[in-house]
1. Which value in deg cm²/dmol, rounded to the nearest 500, describes the helix-derived mean residue ellipticity at 222 nm for the chain, given -39,500 (n - 2.57) per DSSP H run of n ≥ 4 and division by the residue count?
2. Order 11-23, 63-75 from most to least packed using the mean count of other Cβ atoms within 10 Å.
3. Can you tell me how the stretch 1-81 classifies by the Cα gyration tensor, rounded, prolate or oblate, using a/c under 1.5 as the rounded cut?
4. If each of Phe45 and Val60 carries a label point 7 Å out from its Cα toward its Cβ, how far apart are those two points in nm?
5. Give the relative contact order (percent, whole number) for the stretch 3-82; include only Cα pairs under 8 Å separated by 6+ residues.
Amino acid sequence: MGWIATIVLGGVAGWLASMVMNRDASMGIFWNIIVGVIGGVIGSFIGSYTGFLTDDAGWVMYLVTATIGAVVLLGIVNMVQRGRVR
């Protein structure tokens with residue numbers, strides 16, 4: 001996947017994850033992109049390890065796994081910041 005597509009899908013995934021974790025008000029577009037891209041790495045690892053994400057997966061599967069990874073990342077950040085998940 002190209003860099004521009006990675007940034008766009010990362011931004012969308014980060015935004016979706018911040019909506020799910022109720023952190024949208026505290027995050028801007030820059031942090032949504034960062035969380036989404038890092039979440040994409042986490043989601044790709046989880047997806048390829050479990051067999052959910054294959055080599056011929058489309059962009060929708062990448063978006064789903066990036067969103068799941070971003071939610072996991074935001075859950076870890078919440079635990080570190082507050083000592084619990086919201």
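1. Details: 3 runs with 64 residues, N = 86.
Calculated from helices alone, the mean residue ellipticity at 222 nm is -26000 deg cm²/dmol.
2. Final packing ranking: 63-75, 11-23.
3. Values: a/c = 2.36, a/b = 1.43, b/c = 1.65.
It comes out oblate by the Cα gyration axes.
4. Here the answer is 2.8 nm between the modelled labels.
5. Working: 122 pairs, mean separation 29.6, N = 80.
Relative contact order here is 37 percent.
Since every read-out is calculated from the coordinates, none of them should be taken as a lab result. In this text the structure is predicted, and so the values were computed from the model without any measurement. Methodologically, a virtual Cβ is constructed for each residue, glycine included, from the backbone with ideal geometry; neighbour enumeration extends over all protein chains shown.
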